[in-house]
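Coordinate-derived values only; no laboratory data. All values derive from a computational prediction rather than experimental measurement. Note: ideal-geometry Cβ built from the backbone for every residue, glycine included; neighbour counts use all protein chains shown.
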Amino acid sequence: MPYLHADWPLQGKVHAFTTLRPNGYSQGIYAGLNLGYRVGDDPVLVAKNVERLVTEMKLPYTPQWVAQVHGTNVIAASDASPEIKADGLYSHSKGQICAVLTADCLPILIAHSQGLGIAALHGGWRSLQQGIIEAGLKQLALPTNELYVWLGPAIGKKAYNVGADFRELFLDTDPSLAPAFYQDADQQWHADLYAIARIQLQHLGLTQIYGGQYCTYSDPQQFYSARYSLHNAEHTGGRMATLIWIDEENTL
């Protein structure tokens with residue numbers, strides 16, 4: 001099963017990756033490895049996709065998704081269930097999976113350098129603007145200078161055109177985010193979710209930041225993209241999963 005491995009120096013301490021679109025059971029606008037039950041896909045096929053994920057990636061158990069609502073609630077992975085509204089999970093226990101679903105939004109993984117704690121955050125623009133990274137760090141309660149971050153695949157800045165009011169909403173909260181926005185030749189504003197996250201992370205004391213080089217919109221063969229589906233007269237599409245857990249053999 002194809003996937004993106006987190007390219008950070010924590011191999012052997014944590015497992016971390018994002019699933020890709022190919023080689024799943026879903027059909028039509030969901031074609032591929034759709035792992036989202038809430039987007040209108042056949043739940044039987046989604047369940048088969050989840051089973052493939054668990055089997056081929058050798059997960060310690062079937063992960064629990066939460067009801068993501070573009071907020072800042074970050075909960076313990078042990079409390080995860082489809083009925084709980086949250087946009088982030090954290091854990092300090094070995095073998096406990098933190099997972100989020102995305103299709104343009106930014107998946108953010110955080111892990112302690114010695115595998116003492118992990119978090120997975122759903123970084124949609126609302127969540128980022130409202131402070132989900134800070135909420136996740138508060139729950140982890142670990143020294144920020146000992147944390148590593150991986151930014152998974154999200155919509156790239158060239159594809160993410162936004163309104164001036166969108167930009168002002170962020171700058172009203174934090175003027176230092178100005179470099180995360182630019183205007184194209186047509187004077188249309190664009191937002192860089194990766195840059196927003198990096199600036200926020202750095203303000204919070206995190207400097208070991210990896211990833212952030214993909215664009216889900218620009219590669220529909222490899223990624224699901226909600227905006228791509230919308231622009232191509234499709235109502236929706238599937239979801240990818242970004243997962244992290246502390247290795248059971250990690251003795252540090």
Listed by chain and number, the residues whose amide H is under 5 Å from that of Gln68, excluding neighbours fewer than 5 places away on the same chain and using placed H, are Ala86
Tell me which lysines have Cα within less than 21 Å of Lys58's Cα, excluding those fewer than 8 residues away on the same chain? Lys13, Lys48, Lys94
Using only C-alpha atoms and all pairs of different ones, pull out the Kirkwood radius for the chain in Å with one decimal. 18.2
Long-range Cα-Cα pairs in region 116-186 (distance over 15 Å), rounded percent: 63
Computed log₁₀ I(q)/I(0) - Debye formula, equal Cα scatterers, no solvent, region 149-223, q 0.21, 0.23 Å⁻¹: -0.97, -1.08
Projected onto their principal axes, the Cα atoms of region 17-148 stretch, largest extent first, over whole-Å spans of 45, 31, 24
What is the P(r) of region 182-248, as percent of Cα-Cα pairs per 5 Å bin from 0? 3, 12, 14, 17, 21, 16, 10, 4, 1, 0, 0
Using just the Cα positions, wrap region 101-156 in a convex hull and report its mean projected area in square nanometres, one decimal place. 3.9
For Gly123, what residues show an amide H to amide H distance below 5 Å, using hydrogens built from the backbone and excluding near sequence neighbours? Leu106, Ile108
Among Leu140, Ile155, Leu169 the positive-end extreme of the charge dipole of region 106-230 (Cβ point charges): Leu140
Theoretical ellipticity at 222 nm over the chain - DSSP helices of four or more residues, -39500 (n - 2.57) apiece, nearest 500: -6500 deg cm²/dmol
Quotient of Cα Rg and 2.2 N^0.38 Å for region 103-252, N being how many residues it contains: 1.10
